[in-house]
Structures are given as C-alpha cells and as structure tokens.
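Below: one structure, written as structure tokens.
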C-alpha cells in the first residue's frame, strides 16, 4: 500500500510517496531532503502541526498578541488549543518568547509570545 | 529643512533590511519612515509559521521574523525611526513631505529607498457580477481583522482565488470556528504553494474548485450566497455547471499589486500593467539615487527573498552616496 503526501516542511512542497505496511512506514520517496522523510513518517504515524493564534491583550500597545507553540503538537489538538487560547488575556508587557502557558495542554511544549507587547505610549 | 543622507519609506521587512544594510555599508544618517505605529509591516498580521527557513534556518511566524529585524533596527545608531509617519509627497530631487501626528514634516534626502509594499487586488479588479452587499473582504484585510483586531468577519465563507493569503485565511477561519465552504480558483492549478493547499485546505476538509469561477455574488445588505460555475480553457463559463453556495462572507484572494504612487509622483517610469518600477536591474528605478525594494519592486513569494534583495538595495544606496552611481 502507498500514500501520496505533499511535504509541508518548506515552500518547495515536494510530492512524497510513502510505502506502507499496515500503519507502518516502509519507505519514503520523492523527498529532496531528510526533512521530507521525517515529515512523511510523522504525518502517517503521529501527525503534528505548530499551533499559532493570537490572544486578547488589554492596556497594551497592541489589541491582540500573536502566540505559538514552541514546538509541534498533535494535529487533533489544534481545535481544542483554539478553545484554550480564547481564555487567555494578556495585560502585562511581554517580550518575544515569553511563556504564556507552560506545558500547554499537556503537550510538553509551551505557548509563547511571538512579539513584544508594551504599555501604550503616552499621548 | 531637515537633511538626510538616506530616507527609507516603509518599515516592513524590505525597508528594515534596506536600512540595516545601508547602515552596515557606512551610511551614517538614515531616516526610516513607517505609517503604522509599529515596525514590521505585513508580517505583523502573518501569525502563521513558515518564515525564515532560508534566512535563519528555522521556521518562524511573521511577527517573530519581523521582531528580529526590529531589534536590530532599534539598536542601530545610524537609523532613526519615525512611526505614524505617512509620506504624502516625493519629488524627483528627493524632497519628501510626510505627515506625523500634529505635524507636516519636510526632509531633503540625498538618496531614497521606497519599500512601500503592495496593496491587494480587489473585487473591482476581477469582474464578478451581482450585487454589492457587505461581507466581501480582500483576504489580507480579513487577516488583519482576525489576527490583529480580534474581529471574526462572519459565519460561513467562500474564498475567491487560491493565492497563499486566501489559503492561509481558509485555515485561520476554520480554526476560528467559521465554516469555510470552498476555495474557487479559475486557473487549472492552485496559485498558492502546494504545501498551503495541503496544510490549509486538506487538513480542514475544505474543497478547492479548480477551473471554476464565481458567476455571481448575491445578497441585499449582506452576502447571502455565491453562484459558482465551471470554466473552459478560455475561462468562459461552461453552460449547465452552475451551483450555489450559501455564505455570509466572501474573501477575495486574487493577488497583490505594488504600491508605487510616490515613485510615479516623483516622475519615475512605472509599468502600467504590473505597477512596478521600470529599470534595468532589480531595486533600481529610472531616477538615479532612488531605489525601490521588496514587494514595491516586484511581488515576492517569500519574505526571505525580500530580505536578501532589499539588503542589496541598501548597499546600492550606500554605493550611490559614496560614488554617485
């Protein structure tokens, strides 16, 4: 059995062909770098994505603070993650990379800020 | 009048890279004008990952990519940043007028780099018959609304055009709980990257209709539905293929058009069709000492390439200031 995938690791978007035995990956072809092989195996056995969104900020110089998981999380966790970040309100200044939720939803990765947010400038 | 060696218009990825490279090449007196209240340009609303693989060998979100340059710009003594500064006039001898809160400023530059980016092509630029209800947004505007303002534009959306911004917005709206009913593309292939079709549409079960077009948008005050039809090789509607999709939101993702009004105002040659500067080499314009870089020069797929080319624009300006060429 085989499955066709498009590699999402870089903008090149290689067409991958994955040979399978049951749910086990036997071989990956079509990739032009090792990341493609790794992606294909992960995509079949445990698909993951980096989660990004933005969360509400108050009394800061931006209305919404962009956030991400510091590493990929299971694909099935993306929609629950959206519900979770809706509960977050950031009201103190943060730096890029500041941890907003440690071990986010038990995924082993943190939810971090993607940019600084500061007190609004005085008019 | 204020005098500067170099004025850079636009504080997005192109303007920041150009200013930094000019500074590194020895230009001592750089003014960077940005109309928004933050540097970063369009990257600030591109909260998805996928940036920086070439430049930094890691995958960053747009704001993270921008932040690396913002930090460098703010610690570079030769660059002065003026935010909320909107350039309203540029002359061929490089006199610049700009508005900032409470003042109209004038500055005489020896060299100018225009890094003014793109605008989105709108519904008016592709003929879509029908009514003119609310609920129709350029995809990038919807991106700004959702990611930076926290507004959700509607409940059910159809996206016209499969450019990368449209694909990325399909995923964002799906994550935000909207029902994304379809992406409609008149060409035979997606205009966006294959990986965006995979991770933005396939991941969320959003159908992509290739060789299809929107035949009509219908709705009185608010969009109520779109009529979709298949097209032949000449992009003409195939009779009998019409079907309807009910929706309250239509996103238009049909490409970008460089914003070069200032360059035109200065009297430089601008290609009527592409709105890009007419010049023999990337980053140059028909006026000596005036440069254009980033999406104002040509529409790029990757910000990494914008950074690379815009650094060259900064070096070109430095060379012009040193040697007059």
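The values are calculated or read from the model by the stated rules, or taken from the named source; none is laboratory data. Computed from a prediction, not measured in an experiment: that's the story for all the values here. Note: ideal-geometry Cβ built from the backbone for every residue, glycine included; neighbour counts use all protein chains shown.
Some observations on this one:
- Residue check for residue A:49: in contact with a helix residue (DSSP H, G or I) (Cβ under 6 Å, 6 or more places away or on another chain), at the interface with chain B (Cβ under 10 Å from one of its Cβ atoms), surrounded by 14 or more Cβ atoms within 10 Å (Cβ to Cβ) and within 21 Å of residue B:175 (Cα to Cα): yes
- Scoring residue A:66 on the criteria (1) part of a strand (DSSP E or B); (2) free of Cβ contacts under 8 Å to residues at least 40 places away in the same chain; (3) within 23 Å of the chain's Cα centre (by Cα) leaves a single failure, condition (2).
- Only one of B:277, B:239, B:207 that is surrounded by 17 or more Cβ atoms within 10 Å (Cβ to Cβ) and either at pLDDT 95 or above or farther than 30 Å from residue B:175 by Cβ (or both): B:277
- Of the criteria (1) surrounded by fewer than 18 Cβ atoms within 10 Å (Cβ to Cβ); (2) over 30 Å from residue A:76 (Cβ atoms), which one residue B:219 fails: (1)
- The residues listed here are B:157, B:174; of these, the one that is buried (at least 23 other Cβ atoms within 10 Å of the Cβ) and within 23 Å of the chain's Cα centre (by Cα) is B:157.
- The residue of segment A:1-35 that is modelled with the lowest pLDDT, among those that are assigned to a strand (DSSP E or B) and within 13 Å of chain B (Cβ to nearest Cβ), is A:3.
- Looking across segment B:68-78, the residues that are more than 21 Å from residue A:10 (Cα to Cα) and in a helix (DSSP H, G or I) come down to B:69, B:70, B:71, B:72, B:73, B:74.
- Qualifying residues in segment A:87-123 (those that are out of contact with any strand residue (DSSP E or B) (no Cβ under 8 Å at 6 or more places or on another chain) and within 12 Å of chain B (Cβ to nearest Cβ)) - the one modelled with the lowest pLDDT: A:123
- Of all residues in segment B:61-87, those satisfying the criterion of being touching a helix residue (DSSP H, G or I) at 6+ places or on another chain (Cβ under 9 Å) and away from chain A (no Cβ under 14 Å) are B:76, B:77, B:78, B:79, B:87.
- Counting the residues of segment B:19-60 that are part of a loop (DSSP other than H, G, I, E, B), away from chain A (no Cβ under 14 Å) and more than 14 Å from residue B:115 (Cα to Cα) gives 5.
- Members of segment B:303-325 found to be in contact with a helix residue (DSSP H, G or I) (Cβ under 9 Å, 6 or more places away or on another chain) and at pLDDT below 95, listed by number: B:325
- Residue in segment A:61-74 that is surrounded by 14 or more Cβ atoms within 10 Å (Cβ to Cβ) and more than 12 Å from chain B (Cβ to nearest Cβ) present: yes
- Among the residues making up segment B:254-299, those that are closer than 20 Å to residue B:120 by Cβ, assigned to a loop (DSSP other than H, G, I, E, B) and without any contact (Cβ under 8 Å) to a residue 12 or more places away in the chain are B:271, B:272, B:273.
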